[in-house]
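Structure first, then comments.
The values are calculated or read from the model by the stated rules, or taken from the named source; none is laboratory data. Bear in mind the structure is a predicted one, so any value in this text is a computation, not a measurement. In this analysis, Cβ positions are derived from the backbone assuming ideal geometry, glycine residues included, and neighbour counts consider all displayed protein chains.
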Amino acid sequence: MAPSDQIEELFLTEEYLEQFESFDTSTTLVSSEAMSALCESESPQGVLALCTIVKRNPTEILSSSGQVIVVDSLADPGNMGTIIRTAHAAGAAGILTFGSCVDPFNSKVVRSSAGSLFHVPIAQLAGPEVLPRDRSVFVLSGQATVELGPETAMGTGNPIWVIGSEAHGVSETWVSGKWSFSQVRIPMDSGVESLNAAVSAALCLYSQVI
């Protein structure tokens with residue numbers, strides 16, 4: 001759940017009322033029918049929180065210590081939520097969205113992030129020109145000749161990883177040659193066309209952690 005200072009109001013069914021009585025937050029008791037009407041999920045739990053969305057600046061994330069994931073035009077909310085959860089687990093500094101990404105605060109993203117959404121800073125990236133020149137940027141591309149491994153970003157500090165969508169990969173912006181970004185690929189059997197974007201992000205983050 002979100003930190004208490006981000007919760008504006010709680011909506012609870014009677015079975016959960018006692019569990020949250022110590023919360024210093026406005027609480028509204030609703031029926032199970034009302035909870036179903038308020039939620040988009042088919043079988044909602046008896047707790048719904050109205051939370052403040054904390055606006056982040058890309059500079060804040062890029063100046064922090066830790067790896068950063070840039071997601072380029074990722075459309076699937078389940079993948080986005082899983083990437084957020086993985087970034088939280090790996091101690092990443094944050095996530096930057098680029099292009100036509102799914103809204104990180106989409107209800108499906110919120111659920112699949114399992115609460116990590118409220119602990120990982122997320123901001124919109126205008127373009128590669130915003131990235132600091134003293135940070136190594138690694139773009140995942142199936143056409144790359146360098147394979148991802150423990151030594152890929154060795155000695156580069158906290159790298160920035162750029163992950164595209166499964167359907168289209170990263171956009172031309174990242175591989176045009178205008179920027180001196182390193183392209184890497186995840187080694188795969190020749191019979192496999194691509195990996196899930198969230199799995200790819202996990203492999204990148206943990207290649208530096210483990």
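Quick look at the values:
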{"quantity": "Out of Q6, Q67, sole residue that is under 29 Å from C204 (Cβ atoms) and in contact with a Ser or Thr (Cβ under 8 Å, 6 or more places away or on another chain)", "calculated": "Q6"}
{"quantity": "Residue satisfying condition, being modelled with pLDDT under 95, of a type in the set (S, T, Y), surrounded by fewer than 19 Cβ atoms within 10 Å (Cβ to Cβ) and under 24 Å from S171 (Cβ atoms), within set S65, S100, S31", "calculated": "S100"}
{"quantity": "Count of region 1-51 residues which are in contact with an Asp or Glu (Cβ under 6 Å, 6 or more places away or on another chain), within 24 Å of S116 (Cβ to Cβ) and of a type outside the set (A, V, I, L, M)", "calculated": "1"}
{"quantity": "Residue list for region 57-96, restricted to those being polar (S, T, N, Q) and closer than 17 Å to A167 by Cα", "calculated": "S73, N79"}
{"quantity": "Residue that is modelled with the highest pLDDT [pool: residues in region 152-180 that are surrounded by 16 or more Cβ atoms within 10 Å (Cβ to Cβ) and more than 21 Å from the chain's Cα centre (by Cα)]", "calculated": "V175"}
{"quantity": "Qualifying residue in region 123-142 (condition: hydrophobic (A, V, I, L, M, F, W, C), in contact with a Pro (Cβ under 9 Å, 6 or more places away or on another chain), in the same structural domain as D72 (by TED's automatic domain parsing) and surrounded by fewer than 16 Cβ atoms within 10 Å (Cβ to Cβ))", "calculated": "yes"}
{"quantity": "Selection count where residues are assigned to a loop (DSSP other than H, G, I, E, B), within 30 Å of L96 (Cβ to Cβ) and either touching a Lys or Arg at 6+ places or on another chain (Cβ under 9 Å) or among the aliphatic types (A, V, I, L, M) (or both), scope region 1-58", "calculated": "6"}
{"quantity": "Hey, A153 part of a helix (DSSP H, G or I), in contact (Cβ under 8 Å) with a residue 24 or more places away in the chain and either touching a Gly at 6+ places or on another chain (Cβ under 9 Å) or in the same structural domain as V130 (by TED's automatic domain parsing) (or both) or not", "calculated": "no"}
{"quantity": "Residue in region 131-142 that is assigned to a loop (DSSP other than H, G, I, E, B), over 18 Å from T59 (Cα atoms) and of a type in the set (D, E, K, R) present", "calculated": "no"}
